[in-house]
Amino acid sequence: MNSFASRTLGLSALVALSAFVAVVQPQLWPLVVLGIGAEIGALYWSDRRWSISLAPLVVSLGYAHGGVSTALAFEVGLLAWGLAVAGASGMGRVGLPEIARSLLTSAVALAGGWVVVAAVSPTSLSGTAVSWVIGAVAASSALWFWFGARVPGGSWGSLLAAGGLMTIFAFGLGTVAPIWCLALLGPIVAGAWAVREWRRQREEDQAILRGLILLVQQAHPYTGAHLERVAALAESTGRNLGLNAKRAQRLRAAAILHDLGKVAIDEQILEKPSRLTDDEFAEIKRHSELGAKILEKSGLYPEIAPWILAHHERPDGRGYPFGLHGDAIPLESRIIACVDAFDAMVGVSSVGGRRSYREPVDPEGAIQEVLRCAGTQFDTEVVEAFRKAVGQEVMA
Amino acid sequence: MTELLLVAGCAGITVFCLWVAVSARKRRPLMLGRAARAVGVAMSLRGGLVGPSNDEFGQIADRIGARLGWSEAQRVRLANTIQVRQIGFAAIPYQHLRQPHLHRVRERAPEIGADLLERLPIWSQFSDELRPTRRSEVGQLIALLEEFFYRMESAPAMDVLRQIQSQTDDRYDLAMREAAVGVLQESYGNRVARPKVALVD
């Protein structure tokens with residue numbers, strides 16, 4: 001079991017315990033609060049889509065069938081169950097396309113709501129069966145978000161829609177007069193606006209990265225194509241190491257921008273077909289500092305500037321610019337270093353893609369070379385995750 | 001009680017969603033500005049020795065914009081255009097940017113940059129500002145300042161300003177020319193000739 005799954009399961013056990021206490025001994029609220037805190041922590045580390053899809057469902061069903069304490073027990077218990085499944089299955093990192101992963105997540109969330117409610121309150125079984133149908137319809141109508149957004153986080157919107165509709169249904173079943181459902185208009189309208197703004201922001205972030213890639217590509221054609229390949233592989237490697245979606249996205253941005261500094265290096269040196277002199281090599285070495293400087297001075301993604309600065313450091317301390325050792329090198333830099341070196345060996349798949357000073361190596365040979373350098377040039381744990389990522393890419 | 005919880009829950013979710021939406025809305029122009037600045041810094045590093053820094057250029061331009069009563073949106077557009085105006089350097093060989101006898105190559109940068117910007121949806125709005133035949137007030141002001149700083153490298157500032165003031169063509173709007181000359185005179189009036197400085201250390 002990987003660290004992500006064990007961490008999730010551990011937190012889930014704590015949350016489940018809190019739920020049990022809340023049901024058996026309602027006066028022990030502090031423990032419930034602790035459970036919810038743990039739940040929030042788990043959600044932060046895993047996939048926050050779960051919270052959006054499950055929370056409205058379970059809270060509303062809880063209110064409808066038994067008041068606040070039941071609602072909280074439902075919420076905590078169901079989220080514990082959901083996180084356990086997510087952690088154990090490694091969902092979100094399975095080798096499926098993003099759309100399939102989103103559908104799978106949504107389906108499991110909906111089925112989970114049905115199973116848990118049926119187990120805890122068999123009398124409401126017919127109602128939850130209907131809620132399952134509504135949820136399924138909501139999820140399918142929300143395909144617009146998946147296909148319209150075409151961004152990895154696009155499924156948030158669909159899950160929000162599914163949760164909202166199920167909330168309305170649950171209140172219809174329960175004790176609240178229908179007029180109060182008007183209160184749901186606020187979250188629905190504000191939620192739609194939030195999703196739209198968030199999508200636009202994501203699109204513009206992507207456009208910014210594309211713009212900067214084009215900039216590098218103009219100055220140095222090899223580097224432009226190389227950046228896109230490295231970004232995809234670095235993200236997969238990061239996910240295999242248990243990085244959450246947000247951090248993996250940042251890693252992707254860092255991988256795209258890791259050679260940005262090369263725009264300020266003479267391309268005659270970058271493309272020199274023969275061996276570099278010491279001065280020329282020293283000039284090329286400046287690119288990691290220049291890239292970090294561009295981001296720091298502009299304020300664009302300042303959090304990734306240190307990763308770019310250190311992407312040529314080595315665990316054995318023989319890297320540059322500072323000669324850092326082991327864990328002193330940020331994990332993201334270690335990932336980029338490994339993927340960058342692999343692509344530099346194989347990188348021939350696009351026009352102008354071949355580096356001028358050496359012949360390309362076949363992918364298997366390049367992987368063997370990376371494995372050979374594990375522990376010296378590359379981080380051992382990263383190399384393992386990288387090898388899995390390459391395997392997943394081949395499978396895909 | 002249940003009704004109260006319902007309203008409170010909905011209000012909480014609404015506030016959260018509004019916060020997400022407003023944050024995203026505020027963040028977008030901020031990110032655009034930073035991205036433009038990243039282009040500006042990158043091109044300064046690539047371009048080598050010429051003219052004032054983007055910051056200095058931007059401050060002077062903003063003062064002129066303020067004197068002309070430009071709106072906040074127009075001044076933001078001005079600041080961003082200044083940052084991306086040298087994007088054409090990316091497509092000019094590094095050595096050519098550093099050899100004075102190849103200055104003609106460097107002069108093609110705006111045209112090359114406009115072509116590049118047109119390919120990028122996020123910055124395509126700035127491409128016209130770099131083309132002499134299509135630029136708006138923002139592009140005109142940048143062109144005027146470029147002319148001033150370029151000519152000031154070989155002549156006293158006051159001479160250059162007098163020449164700009166006496167121009168009779170319609171390259172620059174008359175009011176803009178007056179405002180620009182006023183601000184430039186206040187800032188550089190006593191300069192004999194501007195030495196070339198490194199844009200970014």
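Here are the criteria: (1) within 23 Å of B:TYR172 (Cα to Cα); (2) assigned to a helix (DSSP H, G or I); (3) out of contact with any Pro (no Cβ under 8 Å at 6 or more places or on another chain). Tell me which single one B:VAL76 does not satisfy.
(3)
Tell me, please, whether a residue that is part of a helix (DSSP H, G or I), buried (at least 22 other Cβ atoms within 10 Å of the Cβ) and aliphatic (A, V, I, L, M) can be found in segment A:277-285.
For segment A:277-285, residues part of a helix (DSSP H, G or I), buried (at least 22 other Cβ atoms within 10 Å of the Cβ) and aliphatic (A, V, I, L, M): absent.
Among what's in segment A:293-304 and is touching a residue at least 12 places away in the same chain (Cβ under 8 Å) and surrounded by 21 or more Cβ atoms within 10 Å (Cβ to Cβ), pick the residue that is farthest from the other protein chains (Cβ to nearest Cβ). Outline the logic, then answer.
Residues of segment A:293-304 touching a residue at least 12 places away in the same chain (Cβ under 8 Å): A:293-295, A:300-301, A:303-304.
Keeping just the survivors that are surrounded by 21 or more Cβ atoms within 10 Å (Cβ to Cβ) gives A:293-295, A:300-301, A:304.
Numbers: A:LYS293: 7, A:ILE294: 5, A:LEU295: 7, A:LEU300: 4, A:TYR301: 8, A:ILE304: 12 Å.
This residue is A:ILE304.
Go through segment A:363-396 residue by residue and tally those that are polar (S, T, N, Q), under 16 Å from A:ASP343 (Cα atoms) and not in a helix (DSSP H, G or I).
1
Given the condition under 20 Å from B:ALA73 (Cα atoms), modelled with pLDDT under 85 and outside any helix (DSSP H, G or I), answer yes or no: does some residue in segment B:164-182 qualify?
No, segment B:164-182 has no match at all.
Can you find a residue that is out of contact with any helix residue (DSSP H, G or I) (no Cβ under 7 Å at 6 or more places or on another chain) and part of a loop (DSSP other than H, G, I, E, B) anywhere in segment A:293-305?
No, the conditions are met nowhere in segment A:293-305.
Got at least one residue in segment A:258-265 being in the same structural domain as A:ALA344 (by TED's automatic domain parsing), modelled with pLDDT under 95 and within 18 Å of A:ILE329 (Cα to Cα)?
Restricting attention to segment A:258-265, the residues satisfying the condition of being in the same structural domain as A:ALA344 (by TED's automatic domain parsing) are A:258-265.
Okay, now just the ones that are also modelled with pLDDT under 95, so A:258-265.
So of that shortlist, the ones also within 18 Å of A:ILE329 (Cα to Cα) come out as A:258-259.
Checking segment A:258-265: at least one residue is in the same structural domain as A:ALA344 (by TED's automatic domain parsing), modelled with pLDDT under 95 and within 18 Å of A:ILE329 (Cα to Cα).
Go through the residues of segment A:223-234 one by one and say whether even a single one is at the interface with chain B (Cβ under 10 Å from one of its Cβ atoms), assigned to a helix (DSSP H, G or I) and closer than 30 Å to B:ILE112 by Cα.
No.
Here are B:ARG151, B:ARG98, B:ARG104, B:ARG191: which of them is of a type in the set (Lys, Arg), at pLDDT below 90, crowded, with 16+ Cβ neighbours inside 10 Å and over 30 Å from A:ARG202 (Cα atoms)?
So the residue among B:ARG151, B:ARG98, B:ARG104, B:ARG191 that is of a type in the set (Lys, Arg), at pLDDT below 90, crowded, with 16+ Cβ neighbours inside 10 Å and over 30 Å from A:ARG202 (Cα atoms) is B:ARG151.
Kindly list, by first and then second residue, each pair from a residue in segment A:226-249 that is within 19 Å of A:THR380 (Cα to Cα) to a residue that is part of a helix (DSSP H, G or I) and of a type in the set (Ser, Thr, Tyr), limited to pairs with Cβ atoms under 7 Å and residues at least 6 apart or on different chains.
Pairs found: A:GLY242/A:SER3.
Which of the residues spanning segment A:262-281 are in contact with a Leu (Cβ under 9 Å, 6 or more places away or on another chain) and more than 8 Å from every other protein chain (Cβ to nearest Cβ)?
A:LYS262, A:ILE269
I'm told A:LYS272 meets every condition in (1) part of a helix (DSSP H, G or I); (2) of a type in the set (Lys, Arg); (3) in contact (Cβ under 8 Å) with a residue 40 or more places away in the chain except one. Can you identify the failing condition by its number?
Looking at each condition in turn, A:LYS272 falls short on (1).
Restricting the search to segment B:24-73, which residues are more than 10 Å from chain A (Cβ to nearest Cβ), assigned to a helix (DSSP H, G or I) and small (Gly, Ala, Ser)?
Result: B:GLY58, B:ALA61, B:GLY65, B:ALA66, B:ALA73.
The values are calculated or read from the model by the stated rules, or taken from the named source; none is laboratory data. In this text, all values refer to a predicted model and were calculated from it rather than measured experimentally. Every residue, glycine among them, receives a Cβ derived from its backbone with ideal geometry; neighbour counts consider all protein chains shown.
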